[in-house]
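Below: one structure, written as structure tokens.
What follows is calculated from the coordinates using simple rules that are stated; it is not laboratory data. These numbers were taken from a predicted model, which means no experiment stands behind them. Because the Cβ atoms are built from the backbone with ideal geometry, glycine has one as well, and the counts that use them run over all protein chains shown.
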Amino acid sequence: MASRSMMSSSINQSAKSATATTRPANNGNVVKRLQSELMTLMTSPTPGLSTFPSATDLTKWNATVAGPSETPYANLTFKLTLSYPSNYPYAPPEVLFKTPVYHPNVDMSGRICLDILKPGGEGKEGAWSAVLNTSSVLLSIQSLLGEPNNASPLNGEAALLWDRDQAEYKKKVLARHQEPAEMEENGLTVGF
Amino acid sequence: MAAAALASVFPATSFTTPTPETTPNIGILASPGQAFGGPTDFLDDAVALNRAWSVATRYLSLGNFENQQSSTEILQAIDLLSKNVCRRAELQAWYSNEIATHFRLNVDLSTWTQAVSLSNALHVLQDSVRQLMNAHAFYAGRPNAISAQWLTDAASNKFRQLVKRTIPADRLHATLASAFYERMTTTLAGYESYERCQNTGSCLCELSLDGIPIDDLSRVGLGGRYAERAFALSVHRLLNRARTLQVLTSRDGSSQAELDASFLESMAVSALGRLRVASLFDYVKSWPASQGAFYDIQQHLASTQTLHDKAHLCDSFIRQISSRLLHAGASTTDVLSIYISVIHAFRLLDAKGVMLEKVAHPVRHYLRGRDDTVAVIAASFLADVNVEGTIAGPDAERGCAAITFEVANSGLAERKEQKMLNFDDMQWVPDPIDAGPDFKATKSEDVLAYVLGLFDQEEFIKEVTTVLAQHLLHSTDEEYVKETRLVELFKSRFDNSKLQAAEVMLKDVRDSVHLNRRLNTQHRRAAKPITPRDIQAAIPADGISLPDLCRTLGVVENAVQVHAALKLVASKRGNLYFAKRTRLPPRASAEPPASSDNASDFDVQVLSSFFWPQMRANDFEMPTELADQEATFNIAFARLGNQRKLHFRRALARVDVRIELEDRTVDEHDVNAWRASIIDAFTASDVDSLTVDRLLEDLQMDEELVLDALNFWTSKRVLFQRSAGEYAVLERLDMDTGGAPQVQIANEAISGLKSQDAVFKENSPMFEAFIKNMLQNSGPKEVGGMMGITGMLRMVLPTFTYGDEEVGELLAAMEGRGEVTHNADVWSSKA
């Protein structure tokens, strides 16, 4: 009589096996985990964040993040791509900005310097952990936009400007930024 | 100018008038004699021919009648001319011209210049034919007299040509046909006695064309093809008039028309067939009573053997059904019944099924478009048919009797080997020539296959499972014969594995029957003492023996309590017990005995939730007795070594309720548990009346259910509404002041199972969120196709088993809220 939903069962499964230190890569499990994450994202959406798998591959997602208000990025829309490794969630997804961003922790090709996007564990500098998920990653990136980590900048100029001249900083941000529609006009890809 | 231009293209032929006899042949001017002694044969010939021409033309000239030469001279002249090919043709042309001139001047056919009235047709015809006959005889007379057949032929040809040119062909047709028709109806009028023909067993009616100069007509060139067509026209008209006419004609042997009786007969059959086709829809509707009409049409199709007739029939029928059946006014049940009739009827017409394929296509297309078709079919499969052929039971209006009937009469289909090429198949025949490209030879497909073939298997099975679940929950048959048969039937037609859920459901209910039997015997042993009241009720007026009594009560014979109670209420005389005339203290006024009287009546169906459709999960407080029994059952179930955890679906429970009021007793069977709970609340409460709010709170029940229960009991005149939202028990009928509202609420208004539709509605916010995110992140998309919205949803969301149509609904709803927008087929997110 007890009916178990697909979602809860797969979460239990991953929680159980989270104790194992090494485990074989299993694409089926990744897909299952991603399906359950997607379900959570869809049923309890976070305002300003939206994400969905690409048409071809369930392990490659496109995401849209709204710039946090009261920051230079307010009212801007950012496109990102996430690709999940085959041992996800034991390794972090690879996240890239597709929208050109002027930000201390984002380089010219959209790579992001964020601790939780680097493999974690003993002897590793990163802070990724299997309890994190797509939603938390996107939230972290969104808050990174408003609160850059100027201690380890990828874009030194931006880090300096952030502290010195917010008005100039904002000008630079707007100059670099392109809305998704503009990007498409300019022939840039916005996702997978 | 114009004449000159015309003449340059079509040179006018000029004809000489007959040469006067006196004019000598002067020969050639340059050689009056035989001066040079050259060959003279040529000159002699020319002179002879000239002379012969002169003689012949003078004789043949239609203008003069005297001046006849001696016949030998003429014969010689004609003979001479006929031998010279050139002169012979010239003479024919000359004579034709002569005839034309004469015809124009002397034959009066002015009546044909305007339309001939029907009544006048015969008269005009006779008059014209007489004139023409005279003229013809006149023209042919002279050549005939000298037996120059070649000239007579030329004359006849020219004459016919002239006649045709003078009388317009279509007017001639019409006139001839009317003349024929009139003659035939007049002669037939004398015979039009259907009874006489029937008595003798064969038709004695005769049609005659007396009075119409058929032979003369053909002689003057008005017969032949013209007359045949006109005759056919008139017969056609006649057959259309006399509907069920079996025509046997006696034909004048001299008639030119090569018609015989069998041909006319087949014409009559065709005419009848065509008439039948015009009202084909009515025949289909009244199938099988109209079988005779279909035999007529069948014969019609067989007699002509042309594809044209079949195509006409199909077209006509499609037109009829699209205007009379395939619209919103017809109920799905009706359309389905007609569909079944169409299948039967057209298979009678054409066993190969080509025509059926053609006409069934629009119906199928339409049925697929209707939302409730699958539900109706599924309901029909499970319905009962009684002797009259109508559906019995509560689902009567939902099912389609025709389908139910087919199900009852069908056996299990053999699984056919669907091989593309079977070289050993000696029965193989090519597809019929009029078959469409998607025609597949159907050998033994029965009507059910056609019905089941309407839909996608998966969709159909899903819907059937829902209906089956509902049916199983309410079924009273402990063996589940019908349901088993149905599942077997589906298994023989569908993919076996797809019916797993249905099989599990069936097994669940069967197991439950066993389980109940086992657990209830345990209950019986531990049953609480039989009350004296029960015993009193069980003792009939003429006494009962102890073993019998125990059997009626379902207790073990030597149970101590029985003896004790028995002493209280019964007196023993001999071997029999008789009821004492003592009155027992009355019980509480409104008590739902439910199963509290008899614990053994607590039956539980244990269902495997994974395989059953989603069910109503409303929970509420049950009457304490029932809640206790649930707990008892739970323990007993666990004691049997079951690992499964039970969760009671109280909303699905049904109880028998007996309510004893001051002046009456109300018995209700199979009442939904929430209704019993509500009435129990009135019993248990010490106040007179309860409000809806209080009930909501006390029973933790959904408002929908509370209101339903209150309505139910009010309609049964057990409760009454004291004031708005406040109800009280109607102890005596005369207490009712307001008059109970006669609301007949449907017993099945709130069904236990969620329909597919409801599940979809419940989930649509989630689906919409998926679609919104998809469009936002993956860019604009079409609904269908490999990477379309539907495909993506199915990929990322395994529970999404719907199609393009449902996605379209979701998109439309989202568009209404301004969340998405679409450009042609491509949808995109607005945000």
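Summary of computed values
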| quantity | calculated |
| --- | --- |
| Of the trypsin sites (Lys or Arg not before Pro) in the stretch B:631-731, those whose Cβ has at most 10 other Cβ within 10 Å and which sit in DSSP loop | B:Lys645 |
| FRET efficiency estimate (nearest 0.05) - Cβ-Cβ, A:Asn87 to B:Arg794, R0 22 angstrom | 0.25 |
| Relative contact order of the stretch A:95-140, pairs being alpha-carbon contacts under 8 Å that are 6 or more residues apart, as % | 23 |
| Centroid-to-centroid separation of the stretch B:146-184 and the stretch A:70-130 [C-alpha atoms, Å] | 102 |
| Full-stretch length increase - A:Ser129, A:Ala74 - with 0.36 nm per residue and alpha-carbon distance subtracted | 16.8 nm |
| Modelled FRET efficiency - R0 51 Å, B:Ala812 with B:Trp428, Cβ distances, 0.05 increments | 0.55 |
| FRET efficiency for B:Asp210 and B:Ala278, using Cβ-Cβ distance with R0 set to 45 Å, rounded to 0.05 | 0.85 |
| Angle between chain A longest axis and helix A:134-146 axis [Cα atoms, degrees, rounded to 10] | 20 |
